[in-house]
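The values are calculated or read from the model by the stated rules, or taken from the named source; none is laboratory data. No experiment lies behind these values; they were computed from the predicted model shown. All Cβ positions, glycine included, derive from the backbone under ideal geometry; neighbour counts span all protein chains shown.
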């Protein structure tokens, strides 16, 4: 095992090798490679964050190498986390630690890494506080989205608010929103352009630009109001990322945007209503808008749902359960 300066650098090394951006989860499952591969940017960012916390905890104990970490060390780490985390968070904590162990075992097979994470169960942390109940499939209404946007603009030093603004109009996942490029918008295409479905322009997600499954797609803009709103978000800029830090102009990460949204929701006392459903609550608003638009244009229920799937970036033939999750009012 090559020597790294500290645990954090070792974790960064194995995570960078395991990050399979744009890869196919289905293919990985078929090949038996799910344990050591990381697909989504949000999952990757979360693993990096937890690896840093584990590194800080272990280095205070004098542990400098991944293979020096023992079952008792991981147990003590999780016990410490359980003091401030609720039961739902502990499910994620155990999952992240287990994933990190599997990645380390894969990339350092000769080091006999064994943290025993498969022995940890959520029931071991039943004493952790239980979070309030929430409605997992709730759709966020437009007034709530606008209230969140105003709150983030007031309190944040970034333009993370644009993530919600663009997400409302385009129905993107956070991993797609943070990679929106201004040059990918076409606000005034030719009327004969087949991509100009509604006559108000469109946005193109190319390969390697954050789309789930690395599937490129074209998202038409639904109204003149949405087109003008998106143009105002871009301002005078003609290229670069839409979601950036004010000071450095660097692209914000998915975790940074999510953090700003969560903090705003807590300030507005609505976080518990959408816990575990933040990104998709806005996508469901978009999905219902598309469905209503297509039905009003004379499409059948089936055709309207198919168009919804395409614009949301879902794979083919995902079925009724997914439709019911995203479009609650199917008339």
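The sole residue among 249, 264, 256 that is at pLDDT 90 or above and either on the phi < 0 side of the Ramachandran plot or part of a loop (DSSP other than H, G, I, E, B) (or both) is 264.
Do we have any residue at all in the stretch 133-152 that's part of a helix (DSSP H, G or I) and either under 30 Å from residue 37 (Cα atoms) or modelled with pLDDT under 80 (or both)? Taking every residue of the stretch 133-152 in turn, none turns out to be part of a helix (DSSP H, G or I) and either under 30 Å from residue 37 (Cα atoms) or modelled with pLDDT under 80 (or both).
In the stretch 211-237, the qualifying residues are those that are in a loop (DSSP other than H, G, I, E, B) and closer than 20 Å to residue 195 by Cβ, and the one that is modelled with the lowest pLDDT is 211. Candidates are the residues of the stretch 181-200 that are out of contact with any helix residue (DSSP H, G or I) (no Cβ under 6 Å at 6 or more places or on another chain) and within 30 Å of residue 259 (Cβ to Cβ); the one that is surrounded by the fewest Cβ atoms within 10 Å (Cβ to Cβ) is 183.
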